[in-house]
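The values are calculated or read from the model by the stated rules, or taken from the named source; none is laboratory data. Please read these numbers as outputs of a predicted model, since none were measured by experiment. Here the Cβ is made from the backbone with ideal geometry for all residues, glycine too, and neighbour counts use every protein chain on show.
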Amino acid sequence: MDFSLEYTEEQESFAEEVREWIKENIPDGLVNFRDPLKKTREQWELRREIGRRLGQKGWLYAGYPPEYGGGGLDADHRFVIQREFEKIGVGYLPFYDSARLAVGPILALGTDEQKQRFLPPIFCGEVTTWQLFTEPEAGTDEANQQTDALRHEKEGEYFIVNGSKIFVGGIYAPPNQFLLLTRSDREAPRHENLAMFLAPADLPGVTINPLPLFVSGTLAQVNGPTADSSPAIKHQVFFDDVRVHESFLIGGDRDGWRVTTATLDVEHGGGQAAIPLENTAVKRFIEQCRSNPTIQKRLRENAQLLESVVDIFVRSEIVRLWGLRNAWIADSGQRAPYVGPQLGLYTKIIGGELVESLARVLGPYTLIESTEWSLAEDIFEVVQRAGLCFAPAGTPEAQKIIISRALAIGREPRR
Ligand SMILES: Cc1cc2nc3c(=O)[nH]c(=O)nc-3n(C[C@H](O)[C@H](O)[C@H](O)COP(=O)(O)OP(=O)(O)OC[C@H]3O[C@@H](n4cnc5c(N)ncnc54)[C@H](O)[C@@H]3O)c2cc1C
């Protein structure tokens, strides 16, 4: 894996192929809003169209097996695809969809029939998926699920699901399917009582309620313009006696915790997660510090301010390099269970520090719309909102707990 910013000769020739593809396939009218609240349904549909076209080429899930519609490409090539998309303002491949979290467990624990049924529609960008893990009593304590999926007494191939999930979703409702974590056994010990489903979202007894005040902007918006173009609000989903067939169960009745930890590793930045590129907000901030004479003067006169800007720059580089390292670790088949949460944790730390540094350097100018002073396109507003939002994909405390277990200095790691 090459960690440099420049392409190797081979990467450059692949980049040429990607650029050609982009020229021929990106639909007209694509607008890159940094603020998810400004995104429209029309823009979201355009992104989905790009996703479907990428899926046909095998580049939407570029690293996964070609037999199911993936691209079979290594991290060096996935990096090029992401970078070329980033250049046209469309980043964060594969386009945000929670199915990407389920792919590893389906490949590892799914039956051959499930792999054939689940993976091609995901890899081709045909289906949309929400992650349904969080409940009022199961946020950081993810194992404390109260949504029951109990086998039907007479029709044993069906589970009956009752309960609710909160803070979920992110693209237009309803999605096609849910990645649904449930409690399959009320008596079994913790961590051995869970079941994970990739279940259709339109089953009788499912109700989806929007939470319009809960914006879903995350650090993805800070690290690069996202491609999901979601309406950016979260939802609550209720299950009332919903019948789910066992063919939608990933792994066994009690494998839910194993599937959850595998999905969370990808969500935190391990496995085949999207590779973070340059942090565009930091890049613009540095450019502004360089080009605005008043800011330059302030930095020259205040060593602490200057240090805070340099700190942000250095840390954003660490995130980029750790992302590349994680992709390389996943590709080379090594197991390093702490590297996902390590990247996730650090990304969140930077988010908070970036907000602080921007506020200290730009002061009241963060409040005005001026390309000379603020970072353009409401970027400060977006950075502030996203950078201080630590909860998605686990809080920093949760990630530290996972790292401590991986280092065998916390509680016993679970299977
Ligand atoms: C923008 C956004 C998008 C989200 N998207 C999704 C989604 O798509 N799907 C989904 O399932 N969920 C989603 N979530 C939910 C998210 O995963 C949870 O908010 C998160 O896991 C934290 O859970 P909680 O909100 O219940 O906080 P709590 O678990 O109540 O935690 C509150 C505070 O206590 C701390 N804390 C709790 N337990 C411990 C402990 N043992 N040790 C130390 N500190 C602790 C936490 O770190 C946190 O600071 C989203 C959340 C947000 C904000």
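From the list E372, E307, which residue is at pLDDT 85 or above and of a type in the set (D, E)? If you could, list the steps in order and put the result at the bottom.
Details: E372 fails: at pLDDT 85 or above.
Residue meeting the stated conditions: E307.
Conditions (1) closer than 30 Å to H77 by Cα; (2) of a type in the set (V, I, T), marked per residue:
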{"residue": "V309", "(1), (2)": "no, yes"}
{"residue": "I318", "(1), (2)": "yes, yes"}
{"residue": "A327", "(1), (2)": "yes, no"}
{"residue": "A330", "(1), (2)": "yes, no"}
{"residue": "G340", "(1), (2)": "yes, no"}
{"residue": "G344", "(1), (2)": "yes, no"}
{"residue": "P364", "(1), (2)": "no, no"}
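If you check every pair at least six apart or on different chains, which have Cβ atoms under 8 Å apart with a residue in the stretch 389-408 that is in the same structural domain as G344 (by TED's automatic domain parsing) first and a residue that is of a type in the set (A, V, I, L, M, F, W, C) and near the ligand (Cβ under 8 Å from one of its atoms) second?
Listed by first residue and then by second, the contacts come to A391/F167; P396/F390.
Scan the stretch 29-58 for residues that are without any contact (Cβ under 8 Å) to a residue 24 or more places away in the chain and touching a Leu at 6+ places or on another chain (Cβ under 9 Å) and jot them down.
Correct list: G29, V31.
Within the stretch 322-349, work out how many residues are among the hydrophobic types (A, V, I, L, M, F, W, C) and not in a helix (DSSP H, G or I).
Residues meeting the conditions: 1.
Give the stretch 281-321 a look and list any residue that's buried (at least 21 other Cβ atoms within 10 Å of the Cβ) and either of a type in the set (S, T, Y) or touching a strand residue (DSSP E or B) at 6+ places or on another chain (Cβ under 8 Å) (or both), or say none.
S316
Residue-wise test of (1) closer than 21 Å to R100 by Cα; (2) modelled with pLDDT under 80; (3) outside the structural domain of L305 (by TED's automatic domain parsing); (4) within 16 Å of the ligand (Cβ to nearest atom).
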{"position": "I350", "(1), (2), (3), (4)": "no, no, no, no"}
{"position": "E353", "(1), (2), (3), (4)": "no, no, no, no"}
{"position": "I379", "(1), (2), (3), (4)": "no, yes, no, no"}
{"position": "Q384", "(1), (2), (3), (4)": "no, yes, no, yes"}
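Filter the helices (runs of 4 or more DSSP H) completely within the stretch 63-173 down to those with at least 1 residues that are closer than 18 Å to P200 by Cα and touching a residue at least 40 places away in the same chain (Cβ under 8 Å). Walk me through how you get there before you give the answer.
Values: elements: 75-87, 99-109, 112-123.
Fully inside the stretch 63-173 and qualifying: 99-109, 112-123.
Looking for something assigned by TED's automatic domain parsing to the domain that holds V382, under 17 Å from A75 (Cβ atoms) and under 21 Å from the mean Cα position of the chain (by Cα) - is there at least one such residue anywhere in the stretch 281-294?
No; the residues of the stretch 281-294 include none that is assigned by TED's automatic domain parsing to the domain that holds V382, under 17 Å from A75 (Cβ atoms) and under 21 Å from the mean Cα position of the chain (by Cα).
Any residue that is among the β-branched types (V, I, T), in contact with a Gly (Cβ under 9 Å, 6 or more places away or on another chain) and not assigned by TED's automatic domain parsing to the domain that holds Q177 - is there at least one of those in the stretch 108-129?
Within the stretch 108-129, the subset among the β-branched types (V, I, T) is 111, 122, 127-129.
Adding the requirement that they be in contact with a Gly (Cβ under 9 Å, 6 or more places away or on another chain) leaves 122.
Still in the running and not assigned by TED's automatic domain parsing to the domain that holds Q177: 122.
Taking every residue of the stretch 108-129 in turn, at least one turns out to be among the β-branched types (V, I, T), in contact with a Gly (Cβ under 9 Å, 6 or more places away or on another chain) and not assigned by TED's automatic domain parsing to the domain that holds Q177.
Quick one: count up the residues across the stretch 112-155 that are exposed (fewer than 14 other Cβ atoms within 10 Å of the Cβ) and either away from the ligand (no atom under 13 Å from the Cβ) or of a type in the set (G, A, S) (or both).
7
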